[in-house]
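K.L.:
Could you have a look at this structure, given as structure tokens, before my questions?
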Amino acid sequence: MFGQWFMSLKGIEFAGAPLEINGTPTVQKSRRGSIVIGKNLKLNSGKKYNAIGGDTRAVFKTIGEGRIEIGEDVGISNSAFVSTVSITVKDHVMIGGGCKFWDTDFHPLDYESRV
């Protein structure tokens, strides 16, 4: 219950219940970004809840107008999602410990643009 309350405070929209959130994920939603979670999410966040995932907590972060959409009946353990455009996880997906998803390389590929 605390996990859903915490994530709601951070601006995450929940499309339904029930949810099982073990641990506290890191949530950084940008003002113009969105994070939408479907029903029946099972989320593990932290070493205590999934030893194979290492010390990493689950992370949900949007940059600018980034959007993260998690479908129904999804299981996630200690994984990171960072979006500047859009990341979508469809229904009935299981994501193992330590997986990382981002739709940006965090800097331009062109050397001149990086300088």
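K.L.:
In the chain, if the dipole is taken from +1 on Lys/Arg beta carbons and -1 on Asp/Glu beta carbons about the Cα centre, which of 44, 98, 62 is farthest to the positive end?
P.N.:
Checked the options; the winner is 44.
K.L.:
Under a 10 Å cutoff between Cα atoms, tell me which one of 12, 95, 76 has the largest fluctuation in the Gaussian network model of the chain.
P.N.:
95
K.L.:
Any aspartates and glutamates with Cα under 19 Å of the residue 47 Cα? List them, leaving off those in the same chain fewer than 8 positions away.
P.N.:
20, 55
K.L.:
Select from 44, 22, 78 the residue whose mean-square fluctuation is largest in a Gaussian network model of the chain (Cα-Cα springs shorter than 10 Å).
P.N.:
Highest fluctuation of the listed residues: 22.
K.L.:
Another question, then. Apply 1/(1 + (r/R0)^6) to the Cβ-Cβ distance of residue 22 and residue 65, taking R0 = 22 Å, and write down the FRET efficiency to the nearest 0.05. If you can, show how the numbers build up before the last one.
P.N.:
Working: r = 30 Å, r/R0 = 1.37.
Calculated value: 0.15.
K.L.:
Over the residues of the stretch 49-91, compute the C-alpha Rg and express it relative to 2.2 N^0.38 Å.
P.N.:
Numbers: Rg = 11.5 Å, N = 43, 2.2 N^0.38 = 9.2 Å.
Ratio of Cα Rg to 2.2 N^0.38 Å: 1.26.
K.L.:
Turning to a different aspect of this structure: Can you list which of the trypsin sites (Lys or Arg not before Pro) found in the stretch 28-100 are DSSP loop residues with at most 10 other C-beta atoms within 10 Å? Numbers along the way, then the final one.
P.N.:
Values: sites: 29, 31, 32, 39, 42, 47, 48, 57, 61, 67, 90, 100; in loops: 29, 31, 32, 39, 57, 90.
Here the sparse-neighbourhood loop sites are 31.
K.L.:
Grab the beta carbon distance between residue 47 and residue 113, set R0 = 41 Å, and tell me the FRET efficiency rounded to 0.05. Let's see the in-between values first.
P.N.:
Numbers: r = 38 Å, r/R0 = 0.93.
Efficiency, rounded to the nearest 0.05: 0.60.
K.L.:
Now, a different point. Compare 79, 30 by solvent-accessible area with a 1.4 Å probe and give them largest first, with all protein chains kept in place.
P.N.:
Numbers: 79 0, 30 25 Å².
My answer, sorted largest first, is 30, 79.
K.L.:
Calculated from DSSP H runs of 4 or more alone, at -39500 (n - 2.57) each and per residue, what is the 222 nm mean residue ellipticity of the chain, nearest 500?
P.N.:
Details: 2 runs with 12 residues, N = 115.
It comes out at -2500 deg cm²/dmol, rounded to the nearest 500.
K.L.:
Between residue 103 and residue 14, what length in nm is gained on full extension when 0.36 nm per residue of separation is reduced by their alpha carbon distance? Before the final figure, lay out each step's value.
P.N.:
Working: separation 89, 0.36 × 89 = 32.04 nm, distance 2.22 nm.
Result: 29.8 nm gained on full extension.
K.L.:
Here's a follow-up. With every protein chain left in place and a probe of 1.4 Å, what is the accessible surface of residue 87, to the nearest 10 Å²?
P.N.:
Rounded to the nearest 10, that gives 20 Å².
K.L.:
Quick one: compute the contact order of the chain, relative version, from alpha carbon pairs under 8 angstrom and 6+ residues apart, as a percent. Could you put the intermediate results ahead of the total?
P.N.:
Numbers: 307 pairs, mean separation 23.6, N = 115.
The value is 21 percent.
The values are calculated or read from the model by the stated rules, or taken from the named source; none is laboratory data. Since we're looking at a predicted model, the values are computed, not measured. Every residue, glycine as well, gets a Cβ built from its backbone with ideal geometry; the counts of neighbours run over all protein chains shown. Just the protein is used for accessible areas: all its heavy atoms, side chains included, with ligands, DNA and RNA removed. Shrake-Rupley method; radii C 1.70, N 1.55, O 1.52, S 1.80 Å.
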